[in-house]
Amino acid sequence: MMILHTETTNNIVKNGLYIVSTPIGNLSDITLRALDVLKKSEYILCEDTRTSKYLLNRYEIKSKLISNHKFNEKKNLAKIIEILKSDCIVSLISDAGTPSVSDPGAILINECVANDINIFPIPGASAVSTAVSISGFSEKYFFYGFFPEKNSKLKDDFTKLENLDGCIVFFISPRKFNRSVKDIKYYFSDRKILVCREMTKFYEEFIRIDIDKLESFKSDPKGELTIVISEKIKEKNSSIILKESDKENIKKMIKKLSIKDITDLISQNTDVSKKEIYNYCLKLKNEK
């Protein structure tokens, strides 16, 4: 087992790979140590050099830049490892936040581990911890990352996630969010949600709402969203089943009202979970 002592003396930065967190929006949200390491780096690996230049120019950082994103990180690997073996200081940054958290980086880090190359974390901004910190939800949280493209995969994962004891953090595009509202409401009914948009930027927006009242955006807002789904607020007894009288009422309403409206109405006067009511309505619909 390799043990690294990362303390520096007289502001000396050791050779190796530095995983440097950068601001998620406001360029002032960067640490003094991060700036020192970036300035002393011979090379900085950037997800998008055009995006990174806004930050690097702001702080007059003149290090050489290497484009390193998910489409070329494997191709770059041999060249970067060769640079690191020549006793250079190399930093890895993403477009925003902490590298290798839903961003490129893991492939390079694992190769550095295999080659006994020093790896140093430079902590700082993270959209995940930023969103959780203002949520007011459980301090226990599970970070999922970006929603998958295939809806079938999303539903499979939601089935597993809905029973977690804690809050859940997702990254998602506004368009995908709009398409997923129905599934979010179905799997996480009776919880709360915090939707964070453009965090730390001029137009930052935070939407707090009960998931059962969640609606799609009327138009797709710019930028990615970070959403936090709360822990279970109230646990209805799943062993309680629908009364025959409730079933009869549902049969009378099924042709006139939507499944959502029926579920909301019936749940007001029973301890049966909304999911069970919803599934019973769905069963009746499919039988017709």
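The values are calculated or read from the model by the stated rules, or taken from the named source; none is laboratory data. Just so we're clear, the structure is a prediction, and the values are computed from it rather than from any experiment. Note that each Cβ is placed from the backbone with ideal geometry, even for glycine, and that neighbours are counted across all protein chains shown.
Within the set Thr9, Thr31, the sole residue that is surrounded by fewer than 17 Cβ atoms within 10 Å (Cβ to Cβ), at pLDDT 95 or above and not small (Gly, Ala, Ser) turns out to be Thr31.
For the range 140-161, taking the residues that are among the acidic types (Asp, Glu) and under 16 Å from the mean Cα position of the chain (by Cα), the one that is farthest from Lys232 (Cα to Cα) is identified as Glu149.
Highlighted here are the helices (runs of 4 or more DSSP H) found entirely within the range 115-208 that include at least 1 residues which are surrounded by 15 or more Cβ atoms within 10 Å (Cβ to Cβ) and among the charged types (D, E, K, R): 174-187. The numbered conditions (1) farther than 30 Å from Lys74 by Cα; (2) modelled with pLDDT under 95; (3) among the small types (Gly, Ala, Ser) are all true for Ser173 except (1).
Apart from one condition, Arg197 fits all of (1) within 27 Å of Ala125 (Cβ to Cβ); (2) modelled with pLDDT of 90 or more; (3) in contact with a helix residue (DSSP H, G or I) (Cβ under 7 Å, 6 or more places away or on another chain); the exception is (3). When Ser63, Ser86 are screened for being within 17 Å of Val13 (Cα to Cα) and touching a Ser or Thr at 6+ places or on another chain (Cβ under 6 Å), only Ser63 passes.
Of everything in the range 177-204, what is within 21 Å of Val132 (Cβ to Cβ) and without any contact (Cβ under 8 Å) to a residue 60 or more places away in the chain? Give them in sequence order. Within the range 177-204, Phe177, Ser180, Ile184, Tyr187, Phe188, Arg191, Lys192, Ile193, Val195, Arg197 qualify. In a residue-by-residue description of the range 125-148, the property of being within 18 Å of Val37 (Cα to Cα) and at pLDDT 95 or above applies to at least one position. Right, Ser219: at pLDDT below 95, surrounded by fewer than 13 Cβ atoms within 10 Å (Cβ to Cβ) and part of a helix (DSSP H, G or I) or not? No; evaluated as a whole, the condition is false for this residue. Number of residues in the range 41-72 that are in contact with a Lys or Arg (Cβ under 9 Å, 6 or more places away or on another chain), without any contact (Cβ under 8 Å) to a residue 40 or more places away in the chain and either outside the structural domain of Ser100 (by TED's automatic domain parsing) or charged (D, E, K, R) (or both): the value is 2.
Against the definition (loosely packed, with under 11 Cβ neighbours inside 10 Å and of a type in the set (Lys, Arg)), how does Lys243 come out, yes or no? No; evaluated as a whole, the condition is false for this residue. Taken over the range 215-228, residues that are under 21 Å from Val128 (Cβ atoms) and not charged (D, E, K, R) amount to 6. Counting only residues that are in contact (Cβ under 8 Å) with a residue 60 or more places away in the chain, polar (S, T, N, Q) and over 29 Å from Leu84 (Cα atoms), the range 105-136 holds 2 of them.
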